[in-house]
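This report refers to the structure that appears directly beneath it.
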């Protein structure tokens, strides 16, 4: 059984987003004078420092933090998963849908991060990537007419596995919920063309 999705066929958005993230990391590395680790001062300025957002109204950090990473391992891991889930998402969603899921997922994840208190410093594309993952996971299940319970269990299982010391689990959760809602909504509004292939052999 083959399910035919709408597709950009070029995978441009994922590569563009990866290039932007790498470009920002190069810039913050230059400011930090360190390729391996981004300094706390640079993170507080270009990442998300809740105190600055809440007390001084630096709301733009809720967006800029999506493209800033703590260190080279952080950006390496995030770009790996962005490549995987991003290319898959481009097979299923129109470009504007893809960008909306990515940016809104990252934004909601960063807004939820404000609940962690004023002295929390965070950065990374994880919330946006979890949004793509959630959208893809539930979209596929809904498209082939399967129950979404399995997709939800798989999504939240990955969320649990992503938890750890220094991991912003609230950003992951916020992005995941956005992705699940958008993925389900988009799948519910579309009619899918399903083709069956039969082969016989002796």
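The values are calculated or read from the model by the stated rules, or taken from the named source; none is laboratory data. Keep in mind it's a predicted model, so treat the numbers as computed, not measured. Cβ sites come from the backbone with ideal geometry, for glycine too, and all protein chains shown count toward neighbours.
If the condition is being out of contact with any helix residue (DSSP H, G or I) (no Cβ under 9 Å at 6 or more places or on another chain), farther than 21 Å from residue 77 by Cα and not in a helix (DSSP H, G or I), then the stretch 30-59 contributes 33, 57. Residue 132 falls short of the stated requirement of being more than 17 Å from residue 78 (Cβ to Cβ), within 10 Å of the chain's Cα centre (by Cα) and surrounded by 17 or more Cβ atoms within 10 Å (Cβ to Cβ). Going through (1) within 10 Å of the chain's Cα centre (by Cα); (2) modelled with pLDDT under 75 one by one, residue 166 falls short only on (1). Looking across the stretch 1-14 at every residue that is surrounded by 13 or more Cβ atoms within 10 Å (Cβ to Cβ) and more than 15 Å from residue 96 (Cα to Cα), the one that is modelled with the lowest pLDDT is identified as 3.
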